[in-house]
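The block underneath contains the structure these notes are about, expressed in structure tokens.
The values are calculated or read from the model by the stated rules, or taken from the named source; none is laboratory data. Just so it is clear, the structure is predicted and the values come from calculations on it, not from any experiment. Here Cβ is always computed from backbone atoms with ideal geometry, including for glycine, and neighbour counts include all displayed protein chains.
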Amino acid sequence: MRRNTTTRAFTLIEMVVVMGIAAALVAMTVPVARNLSNSNKGLRCASQLQRVSQALRMYVLDEGAVPPYYPVDPSVAVNPADPLDADRMAGQGLWVLFVYGYLGGESALHCPADHQHGRDNRLYAYSYMTRDETAAIDGVTAYGAYNYHKYLSSRGVRSDSLADADVRRQLCALPASPSTSTVPEFTREWHPDDSAVVTWCDHHAVSLKKGGDRVYQVLFWDGSVRRMRASLLRDGDPIAAAWRVAPGDDDTP
């Protein structure tokens with residue numbers, strides 16, 4: 001007896017149903033995959049910041065102070081088209097941790113969520129040092145505009161104001177008054193407070209959330225890396241300036 005080998009073709013309705021199911025599956029899996037990717041980038045960034053902290057501590061033990069990075073002249077106008085040159089920053093900052101071999105590669109200074117600066121960009125390894133134009137700053141001193149920078153040797157508080165808690169929340173001190181020098185005093189006797197901000201990462205502000213708010217990742221002198229609501233560093237209320245945030249300022253789950 002001869003077997004019938006004819007196969008039945010899909011009807012148009014069946015094809016539409018299959019395509020609809022496939023589209024629904026894609027719609028459900030893409031956001032999940034994106035969230036997972038964003039979370040992984042956040043974890044990698046936090047791990048890199050911890051490596052930066054360890055490298056920085058080793059550098060300080062050898063050199064006696066943090067890598068220099070400060071404005072040459074506070075009166076220089078900012079050119080947003082070329083912030084690195086326009087600010088006329090002195091020193092190489094965290095970049096020296098790679099140059100001197102404290103970090104295994106320059107990629108440790110590049111946030112995986114930093115899509116602005118590719119490997120061919122001269123700011124590739126400056127993810128944790130560039131200006132954050134959205135950050136809250138204090139305009140009390142001539143350093144006010146420069147506090148947009150995520151990493152700075154000094155934040156503009158004079159060393160003769162030791163009663164001011166913000167003095168020890170700088171990585172280095174400035175010369176005492178009446179000096180107007182912008183060059184920090186790089187001395188072995190200077191010990192920043194554990195709550196001093198080393199740097200922060202703003203590249204996750206559109207991809208990670210905390211308490212419904214955007215997220216910054218902040219590296220403190222004690223080596224901790226904390227996810228903090230972006231509004232604390234952007235709006236300045238009640239902190240007043242991004243560099244003044246402390247580890248305990250955000251207890252949002």
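Can you find, within region 170-181, the residue that is surrounded by the fewest Cβ atoms within 10 Å (Cβ to Cβ) among those that are in contact with a Ser or Thr (Cβ under 8 Å, 6 or more places away or on another chain) and in a loop (DSSP other than H, G, I, E, B)? If you could, list the steps in order and put the result at the bottom.
Here is the first cut: in region 170-181, the ones in contact with a Ser or Thr (Cβ under 8 Å, 6 or more places away or on another chain) are 170-176.
Still in the running and in a loop (DSSP other than H, G, I, E, B): 170-172, 175-176.
Values: Q170: 24, L171: 27, C172: 21, P175: 16, A176: 12.
Looking at the filtered set, the residue picked out is A176.
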Seminar exercise, completed: Given (1) of a type in the set (V, I, T); (2) within 20 Å of Q50 (Cβ to Cβ); (3) at pLDDT below 90, V197 misses just (3)
Exercise. Which of (1) of a type outside the set (A, V, I, L, M); (2) touching a Phe, Trp or Tyr at 6+ places or on another chain (Cβ under 6 Å); (3) surrounded by fewer than 18 Cβ atoms within 10 Å (Cβ to Cβ) is the odd one out, the single condition T199 does not satisfy?
Worked result: (3)
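So, in region 99-136, of the ones that are acidic (D, E) and part of a loop (DSSP other than H, G, I, E, B), which residue ends up farthest from R229 (Cα to Cα)?
First, the residues of region 99-136 that are acidic (D, E): 106, 114, 120, 132-133.
With part of a loop (DSSP other than H, G, I, E, B) added as a condition, the list becomes 114, 120, 132-133.
Details: D114: 18, D120: 31, D132: 15, E133: 17 Å.
Top of the filtered list is D120.
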Problem set entry | In region 37-55, the residues that are touching a strand residue (DSSP E or B) at 6+ places or on another chain (Cβ under 9 Å) and either among the hydrophobic types (A, V, I, L, M, F, W, C) or closer than 13 Å to F220 by Cα (or both) | C45, A46, L49, Q50, V52, S53
Exercise. Within region 117-148, restricting attention to residues that are crowded, with 19+ Cβ neighbours inside 10 Å and of a type in the set (S, T, N, Q), which residue is modelled with the highest pLDDT?
Worked result: S127
Problem set entry | Among (1) touching a residue at least 24 places away in the same chain (Cβ under 8 Å); (2) of a type outside the set (A, V, I, L, M); (3) within 17 Å of R229 (Cα to Cα) - the single one W190 does not satisfy | (3)
Exercise. Is there a residue in region 62-84 that is modelled with pLDDT of 70 or more, under 27 Å from E133 (Cβ atoms), assigned to a helix (DSSP H, G or I) and not charged (D, E, K, R)?
Worked result: no
Exercise. What is the residue count in region 163-209 for residues that are among the aliphatic types (A, V, I, L, M) and closer than 18 Å to W243 by Cβ?
Worked result: 9
Exercise. Hey, L25 hits all of (1) at pLDDT below 65; (2) farther than 30 Å from A108 by Cα; (3) under 36 Å from the mean Cα position of the chain (by Cα) but one; which does it fall short on?
Worked result: (1)
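For region 198-218, what are the residues that are under 15 Å from D132 (Cα atoms), in contact with a strand residue (DSSP E or B) (Cβ under 6 Å, 6 or more places away or on another chain) and either part of a strand (DSSP E or B) or of a type in the set (S, T, N, Q) (or both)?
Passing the criteria: V198, T199, W200, C201, V215, Y216, Q217, V218.
Scan region 211-220 for residues that are surrounded by 18 or more Cβ atoms within 10 Å (Cβ to Cβ), touching a Ser or Thr at 6+ places or on another chain (Cβ under 9 Å) and free of Cβ contacts under 8 Å to residues at least 60 places away in the same chain and report the count. Break it down stepwise before answering.
Pass one, region 211-220, residues surrounded by 18 or more Cβ atoms within 10 Å (Cβ to Cβ): 214-220.
Those still in the list that are touching a Ser or Thr at 6+ places or on another chain (Cβ under 9 Å) too: 214-215, 218-220.
When the remaining residues are screened for being free of Cβ contacts under 8 Å to residues at least 60 places away in the same chain, the result is 214, 218, 220.
The qualifying residues number 3.
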Problem set entry | Pairs with Cβ under 6 Å, 6+ apart, first in region 224-253 and touching a residue at least 12 places away in the same chain (Cβ under 8 Å) and surrounded by 16 or more Cβ atoms within 10 Å (Cβ to Cβ), second among the charged types (D, E, K, R) and in a loop (DSSP other than H, G, I, E, B) | M228/D250; R229/D250; L232/D250; A241/D138; W243/R155
For this session: Could you tell me whether any residue of region 139-154 is assigned to a loop (DSSP other than H, G, I, E, B), over 20 Å from V52 (Cα atoms), in contact (Cβ under 8 Å) with a residue 40 or more places away in the chain and within 18 Å of the chain's Cα centre (by Cα)?
Result: no
